[in-house]
1. Determine, yes or no, whether Arg280 is at pLDDT below 80 and of a type in the set (Lys, Arg).
2. Suppose we filter segment 156-200 for residues that are part of a loop (DSSP other than H, G, I, E, B) and in contact with a strand residue (DSSP E or B) (Cβ under 9 Å, 6 or more places away or on another chain); how many remain?
3. Listed residues Arg219, Arg229; which is among the basic types (Lys, Arg) and touching a residue at least 24 places away in the same chain (Cβ under 8 Å)?
4. If you check Leu295 against the conditions, is it more than 22 Å from Lys408 (Cβ to Cβ), within 16 Å of the ligand (Cβ to nearest atom) and surrounded by 18 or more Cβ atoms within 10 Å (Cβ to Cβ)?
5. Quick check, is Glu339 of a type in the set (Asp, Glu) and at pLDDT below 90?
Amino acid sequence: MDLTLRRKVKKAVSGSLAELYPHDLQLYVLPPTCSISLAEFEEFAMERLKAELKKNGLKLYAKLVQGSGTGQTEFELQMRKRDHISHFILRLAYCRSEELRRWLLAKELDLFRLRFHALSAEGVRLFLQGNKLDYDPIPAEEKSRLRDCLYESTYMLSSVQIETYEFYRVPFLDVLDLVRARKCFLSSGYAYIPSVDFISVLSSKFRDNLSHALVMTARQLPALEEDERLFLMLKGLHNTYTGDDYSINKNTTGVRPEELDSLSRKSFPLCMRQLHEHIRAHHHLKHGGRQQYGLFLKGIGVSLEDALRFWREEFTKLMDLDKFEKQYAYNIRHNYGKEGKRTNYTPYSCMKIIMGSVGPGDTHGCPFKHTDLPVLKQQLYNYNLPTTDIQAVADLVSHGHCQVACMKYFEVTHKVVPDSIVHPNQYFIQSQKALAGKEGFKMDTGLNVIGKLEYRRGIPHPYLCGVHEMSVYVSSFCCIKTYGASASSENSSLSSAPTQKIKMDDSDVWGDDFDVSALSTSAINAVNSHTEK
Ligand code: SF4
């Protein structure tokens, strides 16, 4: 009897580029087999990572392959190959923990959706055909028979759009998000969805496939880690921050130690506020805290001399000056590139802080990740956050959305919605801009506008009622945001205002790092152009 274990191994991709990559959009079912150099390996990974981390980066990356969807130029084929390889590299780098897997899943889903929306109708058809996804639009007679039902169940579509869009009949289990949001017509176990919502079906397939693949990849990691060069590169990749460089102090006026108490209350993210308060209360920080907070201070504009003065004044409340100079001053100068290798060290990004290890008694780390929930809630309560907002933050934390929780904290404390937060120093800059009343931030409740839409269509939507629905990452599952001239509470001013709509489905909202910059006016135009096609 043959006891050899037979694993089901997926065939790898091989063939000419035109055969391998007939379409811009890929489901990444099979891994690549071509040879690339280590330099290319790193370059491809960084390129994709930058796209996934930076504001609007996804849109830029999407443009790399934005075209008819099925073009066959050499450039398009090479881009698809790059896309394919870089996706699999990030799988290797981001499969090692639940947190990382969830992050990558959310980012890849965003990219997939963006690119799907960029496809032409022919591109969509060929994508479905190429991936053997047997979905056909319902015949004209059936659509005509169901016209009223389709109109009533798709409250965002006008009667003209009902006529022009193709409708698909799919098993309702494939579109649970649309069912949950009551956005489709259901009959005999099938959901009828317009072509604009077809992405829900594909997203759920994409999510399931990738989620499963990431778990499988994690199991293969030990074998891969025998190659030290790859191991080191992959291990460090998720800590690589590719956003703005905050080691260069762009604050020409600088920040004085005397200002830190006030700034920590107004403009520090919670991770830095708690470190500042700890050092003021206990006159000491452990190494991890000194590194995290010290580099942050450097990034916001505290000079080396001021940093030495700040730490010295605190530490010498518990120790003599000689001990401070011998044991701590060197490290501070080192962080500013004045000792040792003379490297100008970079302040820690959110990802580095969130993924870092925090032991008992440590005060560094991200409070939305490393602090026990009851303690965090108590802390927010002490900072006078309203109970409902504390609960909203707690809900996000319990779902593992640390950075989104941080954005909610920003929103509550500043009354403006920030861009997505990927770095504590970026938080600080956004806060300073918001407090200075600079442009780029907009808090828009839009409740009356929604009321108007509901009234016009006469279909109250269960999720579009309440005070918080425009805080998309808190309470809305489906969000229609209409921008009027002023979005004030005056119906009269709204009725004459030009309006735009953006639509977000629930997975956009609940993605790990939902990009709140999508709420900025420029992004609305971009999203609008996709959703209003
Ligand atoms: Fe600090 Fe980033 Fe955590 Fe916010 S999300 S508290 S900025 S580490």
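The values are calculated or read from the model by the stated rules, or taken from the named source; none is laboratory data. Values in this document were obtained by computation on a predicted structure and should not be read as measured data. Glycine also receives a Cβ, built like all others from the backbone with ideal geometry; neighbour counts cover every protein chain displayed.
1. Values: at pLDDT below 80: no; of a type in the set (Lys, Arg): yes.
Considered against the rule, which asks whether it is at pLDDT below 80 and of a type in the set (Lys, Arg), Arg280 comes out as no.
2. Of all residues in segment 156-200, those part of a loop (DSSP other than H, G, I, E, B) come to 156-158, 165-166, 181-184, 188-189, 198.
Filter once more, so that each one left must be in contact with a strand residue (DSSP E or B) (Cβ under 9 Å, 6 or more places away or on another chain): 156-157, 165-166, 183-184, 189, 198.
The qualifying residues number 8.
3. Working: Arg219 fails: touching a residue at least 24 places away in the same chain (Cβ under 8 Å).
One residue alone meets the criteria, Arg229.
4. Values: more than 22 Å from Lys408 (Cβ to Cβ): yes; within 16 Å of the ligand (Cβ to nearest atom): yes; surrounded by 18 or more Cβ atoms within 10 Å (Cβ to Cβ): yes.
Criteria met by Leu295.
5. Details: of a type in the set (Asp, Glu): yes; at pLDDT below 90: yes.
Answer is yes for this residue.
Yes or no, residue by residue, for (1) over 21 Å from Leu234 (Cα atoms); (2) at pLDDT below 85:
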site: Gly67; (1), (2): yes, yes
site: Ser86; (1), (2): no, no
site: Arg91; (1), (2): no, no
site: Cys95; (1), (2): no, no
site: Leu100; (1), (2): no, yes
site: Leu105; (1), (2): no, no
site: Phe112; (1), (2): yes, no
site: Arg115; (1), (2): yes, yes
site: Glu122; (1), (2): yes, yes
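A quick yes/no check of all residues on (1) more than 10 Å from the ligand (Cβ to nearest atom); (2) in contact with a Ser or Thr (Cβ under 6 Å, 6 or more places away or on another chain); (3) free of Cβ contacts under 8 Å to residues at least 60 places away in the same chain; (4) assigned to a helix (DSSP H, G or I):
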position	(1), (2), (3), (4)
Glu339	yes, no, yes, no
Arg342	yes, no, yes, no
Pro347	yes, no, no, no
Ile353	no, no, no, yes
Pro360	yes, no, yes, no
Thr363	yes, no, no, no
Pro374	yes, no, yes, yes
Lys377	yes, no, yes, yes
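Every residue, every condition in (1) part of a helix (DSSP H, G or I); (2) under 30 Å from the mean Cα position of the chain (by Cα), yes or no:
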{"residue": "Gln78", "(1), (2)": "yes, yes"}
{"residue": "His84", "(1), (2)": "yes, yes"}
{"residue": "Cys95", "(1), (2)": "no, yes"}
{"residue": "Arg101", "(1), (2)": "yes, yes"}
{"residue": "Gly123", "(1), (2)": "yes, yes"}
{"residue": "Phe127", "(1), (2)": "yes, yes"}
{"residue": "Tyr151", "(1), (2)": "yes, no"}
